[in-house]
Amino acid sequence: MLMKIVEYPSPILKQSCNPVESVNADIRKLISDMFETMYAANGVGLAAPQVGIQKNIVVIDVGRLENEQTKPDPIAIINPTFESQEGKITWEEGCLSLPELIVPMERSAKVIVNALNADGKAVKILGEQLLAVALQHEIDHLEGILLVDRLSRLKRELYRKKQSKRSTLEETIAPPSNPVGKPYLG
Ligand SMILES: [Zn+2]
């Protein structure tokens with residue numbers, strides 16, 4: 001089932017999420033809906049608060065971008081915590097909840113995340129390159145942190161003003177487009 005993606009400045013995106021206590025059929029259905037929504041939006045990641053759910057759940061698939069055969073590589077991540085973060089990488093990031101924003105962002109180059117998978121089993125995810133960036137971007141969402149929160153105050157203010165103009169004109173404006181042709185992270 002396709003879900004509606006919540007957009008900035010919705011207060012839902014600013015709240016921290018709660019841990020998943022039991023990985024049951026409802027959680028698995030939610031994960032499956034999140035994957036469907038992410039693929040339909042051409043994202044490589046999606047966090048539960050982006051579909052209005054305050055739970056520590058993230059879905060990521062960097063496979064379609066990193067592999068020339070466009071092989072899907074879906075990863076469901078529940079209750080993630082960082083075990084380690086090292087190095088630095090700068091990536092042009094976008095977000096499905098922040099229309100028309102693509103900004104270079106510095107992140108850790110290599111991360112290890114501990115989490116549960118969709119079967120409720122403990123897993124360790126090693127992320128480098130785009131997967132490292134996506135893990136940090138999506139786990140930020142679970143803590144109510146958005147890409148705009150990591151911009152300078154001036155840039156954040158400019159974006160906020162642009163978006164409030166946009167929402168007053170919502171009916172006459174085309175759906176969000178991606179100016180540099182890079183897929184949104186989620
Ligand atoms: Zn995002």
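In degrees from 0 to 90, rounded to the nearest 10, what is the angle of the helix 153-168 Cα long axis to the longest principal axis of the chain? Orientation of helix 153-168: about 70 degrees from the principal axis. Net length available on complete extension from E128 to S84 is 14.6 nm, with 0.36 nm assigned per residue and the Cα-Cα distance removed.
Would you list K110, K29 from the most to the least accessible area, probe 1.4 Å? Kindly include the intermediate steps, with their values, before the conclusion.
Values: K110 75, K29 105 Å².
Descending accessible area places them as K29, K110.
Residue ranges 148-156, 71-79 sort as 71-79, 148-156 when ordered by packing (mean number of other C-beta atoms within 10 Å per residue, highest first). Across the chain, the mean sequence separation of Cα contacts (distance under 8 Å, 6 or more residues apart), normalised by length, yields a relative contact order of 24 percent. Using the basic label-point model (7 angstrom from Cα toward the beta carbon), what is the I112 to M1 distance in nanometres? It works out to 3.9 nm between the two label points.
Taking the C-alpha atoms only, the angle from helix 129-142 to the longest principal axis of the chain is near 80 degrees. Working from label points 7 Å from Cα in the Cα-to-Cβ sense, the K14 to V103 distance is 1.6 nm.
At 1.4 Å probe size, with the rest of the protein present, what percent of the exposed accessible area of region 66-169 is carbon and sulfur atoms? Working shown, then result.
Numbers: 2800 of 5570 Å².
Answer for region 66-169: carbon and sulfur cover 50 percent of the accessible area.
Calculated accessible area for the chain comes out at 53 Å² per residue, all protein chains present (probe 1.4 Å; ligands, DNA, RNA ignored).
Restricting region 1-70 to GluC sites (Glu not before Pro) that sit in a DSSP loop and have at most 11 other Cβ atoms within 10 Å of their own Cβ leaves E21, E68.
Checking the table K29/K165; K4/K71; K110/K165; K29/K155 against a 32 Å threshold on Cα-Cα, which pairs fail? Beyond 32 Å: K29/K165; K110/K165; K29/K155.
Evaluating kT/(6 pi eta Rh) at 25 °C and 0.890 mPa s, with the Kirkwood radius of the chain over Cα pairs in the Stokes-Einstein relation, gives 147 µm² s⁻¹. Mind pulling the angle between the C-alpha long axis of helix 25-40 and the longest principal axis of the chain? Nearest 10 degrees, somewhere in 0 to 90. The helix 25-40 is inclined about 40 degrees to the chain. Averaged over residues, the count of other Cβ atoms within 10 Å places the peptides 117-128, 39-50 in the sequence 39-50, 117-128, highest first.
The values are calculated or read from the model by the stated rules, or taken from the named source; none is laboratory data. Every value quoted in this text rests on a predicted model; they were computed, and no experiment measured them. Note that we place each Cβ from the backbone using ideal geometry, even for glycine, and neighbour counts take in every protein chain shown. Calculation scope for accessible area: heavy atoms of the full protein, side chains included, ligands and nucleic acids excluded. Shrake-Rupley method; radii C 1.70, N 1.55, O 1.52, S 1.80 Å.
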